[in-house]
């Protein structure tokens, strides 16, 4: 068995390789998927349905993007580093998770702002179990799109979070976030997933 260590990359090399992967991701997106994503905000705005039905459409579209992005992402099953960072969700998404998991969500009347430094390797998501998401089919939109287009999980490692060059290269899908914003009205209540679903004592 080979014991050759993984190649090391400078931050500049990482950025260049990630940018190439991002370019390939957008260039290789099927035309039908591109049209579906671009038209998502208008579809959501026109849908004669409740918020939960609209949210399902947003998440379904995110999953189609995720399926296309998988070939470019460094993310692997069991890599739960991103499950320790800030996971912002809106109250309507907390209701969605509660409905599908049977876990009651706390009633939060006002948004709770958080700083990136509020989280660390000691702050796992409430739903992280044995290194994997225990509510994967119903995970938040932010989790579905937290894709790492780097060459590996280097910047995801907790000890590298505060490095001056740390950056997780991932695709920015504007229409997806616009559609999500439409679901919350003028002033959605935003908080971390742990605020809505505190860990059991």
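FYI, it's all coordinate maths here, none of it is from the lab. All of these numbers come straight from a predicted model, not from anything done at the bench. When we count neighbours, we look across all protein chains shown, and the Cβ atoms used for this are built from the backbone with ideal geometry, even at glycine.
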Among 97, 108, what is the fewest-to-most ranking by other Cβ atoms within 10 Å? 108, 97
The chain - mean residue ellipticity at 222 nm from DSSP helices (-39,500 (n - 2.57) per run, n ≥ 4, rounded to 500): -11500 deg cm²/dmol
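What percent do you get for the relative contact order of the chain when only Cα pairs under 8 Å and 6+ apart count? Intermediate results must be reported in sequence, preceding the final value.
Values: 223 pairs, mean separation 71.6, N = 201.
Over the chain, the number comes to 36 percent.
As an exercise, use a Förster radius of 30 Å and the Cβ-Cβ distance of residue 122 and residue 24 to find the FRET efficiency, rounded to the nearest 0.05. List each step's numbers first, then the result.
Working: r = 36 Å, r/R0 = 1.20.
Result of the calculation: an efficiency of 0.25.
Ranking 96, 119 by Cβ neighbours within 10 Å, fewest first, what do you get?
On the way: 96 22, 119 19.
Taking fewest neighbouring Cβ atoms as first place, the list is 119, 96.
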In whole Å, what are the Cα extents of the chain along the three principal axes, biggest one first? 54, 48, 33
FRET efficiency for residue 45 and residue 99 from the Cβ-Cβ distance with R0 = 30 Å, rounded to 0.05, comes out at 0.80
Of 150, 23, 118, which has the largest mean-square fluctuation in a 10 Å C-alpha GNM of the chain? 118
Arranged by the count of other C-beta atoms within 10 angstrom, fewest first, what order do 58, 37, 151, 53 take? 53, 151, 37, 58
For the stretch 74-131, just the Cα atoms, rotate onto the principal axes and tell me the three extents in Å, largest first. 34, 27, 20
